[in-house]
Amino acid sequence: MEKENRVFDFGDTAVPTKNDDEAVITYELFDSESTEADKEHPIMVLEAGTNLPHHVTGMFLSPEKRSAFSGEKDGVAYNADIVKLDSRFEDFYRWLGENHIPVKISCRPTDEGFAVYRFRATNLRGEIRSDSDAFLQFAITRLLNSRPVEVSSDAEEEDEDLDDDASMILSDMGGMSDFLACAGNVLPSGIRKWAKRNLSLARTGNISNEEKMHARRALSIMLNIKWQGDYFEAIDPVKARQILDEELYGMEKVKQRIIETIIQINRTHTLPAYGILLAGPAGVGKSQLAYAIARILRLPWSSLDMSSIRDAEALTGSPRVYANAKPGLIMEAYMKAGCSNIVFIINELDKADSTKNNSNPADALLTLLDNLGYTDNYIECMIPTGGVYPIATANDKSKISAPLLSRFAVLDIPDYSPEEKKEIFRRFSLPKTLSRMGMKSEEFTLDDEALDAIIDYCSFSTGCRGLEQAAEHLAANALYRIETEGVKQVRFTGEEVKKLLGT
């Protein structure tokens, strides 16, 4: 079989001969909860007996021989045993040693030894290899983002800038194989086993090219997602309330319920067992509230519009036996977010259409909402859902099936009262419209009767959209008069508003 291209290709590299004696393990493992890699939070510590420079290029000895680093700078050779190693990087270190990969390390002296906090991929002359280094930084960042650890640069005396790991996408077989070897422990055990099976499947000569393509695509999807645990850091409830008040006026009961959820997360450090269903008339801010919750949780979000889905397979994906098979929309939500911990916003849950078999596509969400794991027909792997927080919106909750409704904590959002609509127009709709049109607040005023006329005009529609449309109409008229008549201010009366809005 033709040899696959590897991510790392350093040409002719001197490979140490294998020592048949038992390997000498010089380090002890330690666990770290730090989210940075620096002098105080190193990836490994080398023995203090060797006076290592800040930057030195070399290779790690084969793990079958001795756990040590051998390097050179300015004609001076350096050799140092590894005395401490972050447990999450043990596979990474072994992969570097087994493949004899040259690296430049950055280290600082400490009481325990030389703290190594950065690795750069080089050739044997010590020159940075940008293509290989991109992979190395991708793997390191993924390891540091998993529990227990995360990459951060020591800003002092660094001579190269690191590329953002987001620019690195694993797609070729060599790169995916290397990632599993050096950083496979960032994956949940079930996904790691699945990935190894699919890697073997993609390499076998007993299946069609089409099957190989699907296996490779599924691998690329899963390995490029940051699989995170279900532990969540505490959230400041005061800041959470500020975000809610910035986004929406009123809704005191709804906001109180959301803050209660935040307090629950702070106590358990896990997401609640049930997601949230925001039920209420159109235009009251359900979607805006969902985005505010994602902002509070500090999670990426992905949205799904159920009104446009006609078939459950659109959610669950299609089996790989089909030539045009692809993952479902739920899996695509993970792909877009790039990580497993997301806020999954399900818009218009009550508008999901039934299929010809009289089944509701929304029912395909049941396993996702049960928080027991989800299986996509294309991926063919149980996907952990402990970090997924579903937030659904609906205008009419009576149209949602009972099994689906029972999996949400339902928050009913009533329409705004006339007095609330007045405040929303004054404090939100009008200022936002004036800002968007480049107008100053003093250029547009209205008396109390004019405001009453606006509220009367919007009384036949729910929510705030009518208020925003009225503000747009009136502001545009005011701007026209300012520009064409030379006036500096337009003040609307009740009669003028009725005439303009047609009430």
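Here are the numbers for this structure:
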quantity	calculated
DSSP-defined beta bridges in the chain - what % are antiparallel, rounded to 5	55
Segment R295-D396, length gained on full extension (0.36 nm per residue, minus Cα span)	33.8 nm
Proxy reagent accessibility, fewest Cβ within 10 Å first, across E483, E98, E468	E483, E98, E468
Of the trypsin sites (Lys or Arg not before Pro) in region 469-503, those whose Cβ has at most 14 other Cβ within 10 Å and which sit in DSSP loop	K488
Alpha-carbon Debye profile of region 402-503, log10 I(q)/I(0) at 0.12, 0.13, 0.16 Å⁻¹	-0.44, -0.49, -0.67
Two-decimal log10 I(q)/I(0) for region 237-412, as the Debye equation yields it once each C-alpha is a single scatterer, q = 0.09, 0.12, 0.18 Å⁻¹	-0.31, -0.55, -1.20
Normalised contact order of the chain, rounded percent, pairs of Cα under 8 Å and 6 or more residues apart	11
Dipole axis of region 237-412 (+1 Lys, Arg; -1 Asp, Glu on Cβ), positive-most option in I263, L349, L289	I263
Unsatisfied cross-links (Cα-Cα over 30 Å) in the set K39/K239; K399/K422; K84/K226	K39/K239; K399/K422
Cα gyration tensor shape for region 28-156, rounded if a/c is under 1.5, else prolate or oblate	rounded
Long-range tail of P(r) for the chain (Cα pairs > 41 Å, %)	41
Efficiency of FRET between M213 and L366 - r from beta-carbon atoms, R0 51 angstrom, step 0.05	0.95
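Where a number appears in this text, it was derived from the coordinates with a stated rule and is not lab data. Model, not experiment: these values are computed from the prediction. Note: ideal-geometry Cβ built from the backbone for every residue, glycine included; neighbour counts use all protein chains shown.
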